[in-house]
1. Pull out all pairs, ordered by first then second residue, where Cβ-Cβ is under 9 Å, the residues are six or more apart or on different chains, the first lies in region 17-42 and is closer than 12 Å to Ile54 by Cα, and the second is assigned to a strand (DSSP E or B) and basic (Lys, Arg).
2. Looking at region 93-119, which of the residues that are more than 16 Å from Lys61 (Cβ to Cβ) and charged (D, E, K, R) is farthest from the chain's Cα centre (by Cα)?
3. Can you say whether Ile140 is in contact (Cβ under 8 Å) with a residue 24 or more places away in the chain, closer than 30 Å to Tyr72 by Cβ, surrounded by 13 or more Cβ atoms within 10 Å (Cβ to Cβ) and in contact with a Leu (Cβ under 7 Å, 6 or more places away or on another chain), as far as the supplied structure shows?
4. So, in region 52-83, exactly how many residues are surrounded by fewer than 17 Cβ atoms within 10 Å (Cβ to Cβ), touching a residue at least 40 places away in the same chain (Cβ under 8 Å) and outside any helix (DSSP H, G or I)?
5. Give the residues of region 180-196 that are modelled with pLDDT under 80 and either surrounded by fewer than 16 Cβ atoms within 10 Å (Cβ to Cβ) or farther than 21 Å from Thr124 by Cα (or both), sorted by residue number.
Amino acid sequence: MTVTQMTALTRGRYRVIMEDGSAFVLYRGELAKLDVKEDKEIPEETLRRIREEILPLRAKKRVMNLLQRRDYTAAGLREKLREGSYPETCIEEAIAYAASYGYVDDARYAEDFIRCQLERKSRTRLEQDLLKKGISKALIGEVFEKLAAEGTAQDEESMIKALLEKKNYNHRTATDKEKQRMYAFLYRRGFHAEAINRALLLDIT
């Protein structure tokens, strides 16, 4: 198969585009060692080595390096690897590799995220945040059920009251302006209007 185009990405890194439209990234030294050049055919054995040995190994190393810095969801890792132009097969293999060692666990990620944010955000906001991170709604629901069974997850009004206590809010002495400001603060965190009104003892229609 022939290389139709080679584009420099960063210093020493090149995107190699094949005649079938597939692409991958190699370093300058690898290009020289494998004799990969624009408008030149790559032998099948060399192409197999690139796709089945070099790229999968690099993808695994990339995933492990990312996870050393912080936790990622599987979707987050996919996004990072796609940015590096790794083939989908390499991406899935790398994520499965990390998951086999327990380094990628969306359920654990969701539980840790919820526990950390529970006192500051509503369930709705937490669900929205986790959905953006690529965690399924079904899995999020399972985690909330688990936390509720443990007595960790609270209803919205209880969460709002806890926030109000932290902010030393007193509805008896609060001015209308302070109530409106607090309402806006809670609403931005995803709490439902009805729950906020009850907690603040407001009569907003």
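The values are calculated or read from the model by the stated rules, or taken from the named source; none is laboratory data. Note that the structure is predicted; figures quoted are calculated from it, not measured. When we count neighbours, we look across all protein chains shown, and the Cβ atoms used for this are built from the backbone with ideal geometry, even at glycine.
1. Phe24/Arg15; Val25/Arg13; Val25/Arg15; Leu26/Arg13; Leu26/Arg15; Tyr27/Arg13
2. Looking only at region 93-119, we keep the residues that are more than 16 Å from Lys61 (Cβ to Cβ), and these are 102, 105-119.
This time we only want the ones that are charged (D, E, K, R), so: 105-106, 108, 111-112, 115, 119.
On the way: Asp105: 12, Asp106: 9, Arg108: 13, Glu111: 14, Asp112: 13, Arg115: 17, Glu119: 21 Å.
Here the residue is Glu119.
3. Values: in contact (Cβ under 8 Å) with a residue 24 or more places away in the chain: yes; closer than 30 Å to Tyr72 by Cβ: yes; surrounded by 13 or more Cβ atoms within 10 Å (Cβ to Cβ): yes; in contact with a Leu (Cβ under 7 Å, 6 or more places away or on another chain): yes.
It is true that Ile140 is in contact (Cβ under 8 Å) with a residue 24 or more places away in the chain, closer than 30 Å to Tyr72 by Cβ, surrounded by 13 or more Cβ atoms within 10 Å (Cβ to Cβ) and in contact with a Leu (Cβ under 7 Å, 6 or more places away or on another chain).
4. Residues flagged as surrounded by fewer than 17 Cβ atoms within 10 Å (Cβ to Cβ), touching a residue at least 40 places away in the same chain (Cβ under 8 Å) and outside any helix (DSSP H, G or I) within region 52-83 amount to 1.
5. Going through region 180-196, the residues modelled with pLDDT under 80 turn out to be 187-196.
Once the filter is applied, which keeps residues that are modelled with pLDDT under 80 and either surrounded by fewer than 16 Cβ atoms within 10 Å (Cβ to Cβ) or farther than 21 Å from Thr124 by Cα (or both), region 180-196 yields Tyr187, Arg188, Ala193, Glu194.
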